[in-house]
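The values are calculated or read from the model by the stated rules, or taken from the named source; none is laboratory data. All of these numbers come straight from a predicted model, not from anything done at the bench. Here the Cβ positions follow ideal geometry from the backbone for every residue, glycine too, while neighbour counts run over all protein chains shown.
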Amino acid sequence: MAEDPVLPTDTAFRRIRPVHVVRDPKVPGGRRASGAAFTDDSDGSSMSVYLESIVLGLGLSGVDVVYGKPSSWAVAAIPVQALLDEEQSVVPDPITGAADPHPCDPAHAVVDGDKKEKRRRDRIARAAPLVHIVP
């Protein structure tokens, strides 16, 4: 069964490692994700995100995306339209049957497209404010 397409009006939540949270006095809260946080995985697989519409439909919130993560992990909210503008495609990829399931697994998606260009990663980062940081 094919997944429903991801709407441009949806938002993609991206987990941000502490090393990729940088100080920036020009943004609300004084911190943002670096462009390096928006690359494909080191094993070559596409960048992982969680779709807000599904997360909310599960009765969860963006905070739940970093459930189980240690202090200083963050969540960035990327408008799907911003990803589309950067020639990325967002494809639902729900995780099923995981040995250690995460509450947001049904909302998992991947972002396919070339992210090698630093300017592209930086534009995605600017469009993706941090919405939560684990205390």
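Out of (1) modelled with pLDDT under 95; (2) within 15 Å of the chain's Cα centre (by Cα), what's the single condition that is false for V111?
Tallying (1) modelled with pLDDT under 95; (2) within 15 Å of the chain's Cα centre (by Cα), V111 fails exactly one: (1).
Looking at the structure I just gave you, is F38 among the hydrophobic types (A, V, I, L, M, F, W, C), over 21 Å from D100 (Cβ atoms) and touching a residue at least 24 places away in the same chain (Cβ under 8 Å)? Can you show your working first?
Working: among the hydrophobic types (A, V, I, L, M, F, W, C): yes; over 21 Å from D100 (Cβ atoms): yes; touching a residue at least 24 places away in the same chain (Cβ under 8 Å): yes.
Against the criterion (among the hydrophobic types (A, V, I, L, M, F, W, C), over 21 Å from D100 (Cβ atoms) and touching a residue at least 24 places away in the same chain (Cβ under 8 Å)), F38 qualifies.
Determine, yes or no, whether K118 is more than 24 Å from P25 (Cβ to Cβ), touching a residue at least 60 places away in the same chain (Cβ under 8 Å) and among the charged types (D, E, K, R). It would help to see each step written out before you state the result.
On the way: more than 24 Å from P25 (Cβ to Cβ): no; touching a residue at least 60 places away in the same chain (Cβ under 8 Å): yes; among the charged types (D, E, K, R): yes.
So K118 fails the test.
Out of all the residues in the range 62-88, which are free of Cβ contacts under 8 Å to residues at least 60 places away in the same chain and loosely packed, with under 15 Cβ neighbours inside 10 Å?
Result: Y67, G68, D85, E87.
Only one of V65, V19 is outside any loop (DSSP other than H, G, I, E, B) and either among the acidic types (D, E) or under 13 Å from D105 (Cα atoms) (or both); which?
Details: V19 fails: either among the acidic types (D, E) or under 13 Å from D105 (Cα atoms) (or both).
After ruling out the rest, the residue left standing is V65.
Which one of the conditions (1) surrounded by fewer than 20 Cβ atoms within 10 Å (Cβ to Cβ); (2) under 22 Å from S42 (Cα atoms); (3) among the aliphatic types (A, V, I, L, M); (4) in contact with a Gly (Cβ under 9 Å, 6 or more places away or on another chain) does I95 fail to meet, given that it meets all the rest?
I95 satisfies all of (1) surrounded by fewer than 20 Cβ atoms within 10 Å (Cβ to Cβ); (2) under 22 Å from S42 (Cα atoms); (3) among the aliphatic types (A, V, I, L, M); (4) in contact with a Gly (Cβ under 9 Å, 6 or more places away or on another chain) except (4).
Of everything in the range 53-97, what is among the β-branched types (V, I, T) and closer than 29 Å to R23 by Cα? Give them in sequence order.
Step one: of the range 53-97, the residues among the β-branched types (V, I, T) are 54-55, 63, 65-66, 75, 78, 80, 90-91, 95-96.
The answer is V55, V63, V65, V66, V75, I78, V80, V90.
Filter the range 1-26 down to residues that are among the hydrophobic types (A, V, I, L, M, F, W, C) and surrounded by 14 or more Cβ atoms within 10 Å (Cβ to Cβ) and give me whichever is farthest from G68 (Cα to Cα).
Initial filter on the range 1-26 (among the hydrophobic types (A, V, I, L, M, F, W, C)): 1-2, 6-7, 12-13, 16, 19, 21-22.
If we keep only those that are surrounded by 14 or more Cβ atoms within 10 Å (Cβ to Cβ) too, we end up with 6, 12-13, 16, 21-22.
Values: V6: 26, A12: 19, F13: 16, I16: 13, V21: 18, V22: 22 Å.
Top of the filtered list is V6.
Scanning the range 34-60 for residues that are within 13 Å of the chain's Cα centre (by Cα) and assigned to a loop (DSSP other than H, G, I, E, B), which turns out surrounded by the fewest Cβ atoms within 10 Å (Cβ to Cβ)?
Among them, the one singled out is D41.
Specify which of the listed residues (A76, A36) is among the aliphatic types (A, V, I, L, M), within 20 Å of A128 (Cα to Cα) and modelled with pLDDT under 95. Lay out the reasoning, then the answer.
Details: A76 fails: modelled with pLDDT under 95.
Just a single option satisfies the conditions, and that option is A36.
Within the bounds of the range 98-109, is there any residue that is within 18 Å of V21 (Cβ to Cβ) and surrounded by 14 or more Cβ atoms within 10 Å (Cβ to Cβ)?
Here is the first cut: in the range 98-109, the ones within 18 Å of V21 (Cβ to Cβ) are none.
No, the range 98-109 contains no residue that is within 18 Å of V21 (Cβ to Cβ) and surrounded by 14 or more Cβ atoms within 10 Å (Cβ to Cβ).
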